[in-house]
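Input: a single structure, listed below in C-alpha cells.
The values are calculated or read from the model by the stated rules, or taken from the named source; none is laboratory data. Just so you know, these numbers come straight off a predicted model, no measurement behind them. Neighbour counts are summed over all protein chains in view; Cβ atoms, including those assigned to glycine, are modelled from backbone coordinates with ideal geometry.
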Amino acid sequence: MNALTAIATAAPASVLLLGAIVLASLIGLFAAPGFIDRNLFRPYFLVPRRQYATLVTSAFIHADVMHLLFNGFTLWAFAIKLEQAIGTPHFAVLYTFGLLASDAGTWLNHRAEPNYATLGASGAITAVLFASIVYFPGDSLFIMPIPVPIPAPLFAAGYLAYTWYASRQQGGRINHDAHFAGALAGVVFVALTDAPAFGRAVHILTG
C-alpha cells in the first residue's frame, strides 16, 4: 500500500488515467454495454451530430479485456517514470496532444465512412511510449513469459509492427491507425519542447 501511495504521489496523472481507463472499460464490458456504444468515436458524425465529447470519452473504453490489458500494461510500464521525469503538467499536455493528434488522423482517414467507429486509448498511450523512449532510449522491460529484458526501442518497433499488421485486417473497432499518429505525436512533442533530450536520443539510437 505504501508503494502504491508513493507512486500515486509521484505520478498522479498516470495513476488517475490508468484507474479511469480500467474503471470505464470494465463498466462498458461487464455492466453497461450501451456505455461503449454511446462513447464510440464516429468520424463521419463528429461535426454533423456534434459528437465532440467522443474525441475524449472513446479513449477510456476498450473492445475487450485483452485490449484493455495491453494498453493498460503499456501505460503503466512507461507513463509513471516519464511523468516523474518531465513533471505532471508537461505529461498531461503530452497525453492530450497524443490523444488529439490520433483523433485528427482518424478523422482525416475515415470521415467519409458512415459505418466506421473506433475506441481505445492507443493513440495517447503510444505518444507516451515514444516520448518515453526519447527520454530513456536505453531502458528495457520484462514481459512474461519472455525470460530476457526487451529494449524499449525494440518493444516500440514490435508495437508498431503489430499495429501495421492489425490495421490491414478487416473488422473490429480498435483504432490501430491511431498508433502511428500517436507515435509521431510523442516524438514531435519532445522535439518541440525539449530539443536537448531529443538530440541525445538521436545520438544514442543512431550510434
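Scanning region 34-51 for residues being hydrophobic (A, V, I, L, M, F, W, C) and surrounded by fewer than 13 Cβ atoms within 10 Å (Cβ to Cβ) gives a total of 1.
Of all the residues that make up region 1-33, how many are over 16 Å from the mean Cα position of the chain (by Cα), crowded, with 18+ Cβ neighbours inside 10 Å and in a helix (DSSP H, G or I)?
Residues meeting the conditions: 2.
Every condition in (1) exposed (fewer than 13 other Cβ atoms within 10 Å of the Cβ); (2) at pLDDT 90 or above holds for Gly158 except the one numbered (2). Scanning region 161-179 for residues that are at pLDDT 80 or above and either in contact with a Phe, Trp or Tyr (Cβ under 8 Å, 6 or more places away or on another chain) or assigned to a loop (DSSP other than H, G, I, E, B) (or both) yields a single hit, His179. When each of Ala53, Ala59, Ala63, Ala32 is tested for being of a type in the set (A, V, I, L, M, F, W, C) and more than 28 Å from Ala112 (Cα to Cα), the lone residue that passes is Ala32.
Annotation note: Cβ proximity below 9 Å between a residue of region 124-146 that is within 25 Å of Val56 (Cβ to Cβ) and β-branched (Val, Ile, Thr) and a residue that is buried (at least 24 other Cβ atoms within 10 Å of the Cβ) and modelled with pLDDT under 85 (sequence gap 6+ or interchain) occurs for Ile125/His179; Thr126/Ala178; Thr126/His179.
The residue pairs whose first member lies in region 1-13 and is free of Cβ contacts under 8 Å to residues at least 60 places away in the same chain and at negative phi, whose second member is among the aliphatic types (A, V, I, L, M) and part of a helix (DSSP H, G or I), and whose beta carbons are closer than 8 Å, counting only pairs six or more residues apart or on different chains, are Ala8/Val15. Every listed requirement among (1) closer than 21 Å to Ile7 by Cβ; (2) in contact with a Pro (Cβ under 9 Å, 6 or more places away or on another chain); (3) among the hydroxyl-bearing types (Ser, Thr, Tyr) is met by Thr106 save one, (1). Scanning region 12-41 for residues that are over 20 Å from Phe70 (Cβ atoms) and either of a type in the set (Phe, Trp, Tyr) or in contact with a helix residue (DSSP H, G or I) (Cβ under 7 Å, 6 or more places away or on another chain) (or both) yields Pro12, Ala13, Phe35. With respect to (1) in contact with a Leu (Cβ under 8 Å, 6 or more places away or on another chain); (2) without any contact (Cβ under 8 Å) to a residue 40 or more places away in the chain, the lone exception for Phe70 is condition (1). Restrict the check to region 45-53 and report whether at least one residue is hydroxyl-bearing (Ser, Thr, Tyr) and touching a residue at least 12 places away in the same chain (Cβ under 8 Å). Within region 45-53, none of the residues are hydroxyl-bearing (Ser, Thr, Tyr) and touching a residue at least 12 places away in the same chain (Cβ under 8 Å).
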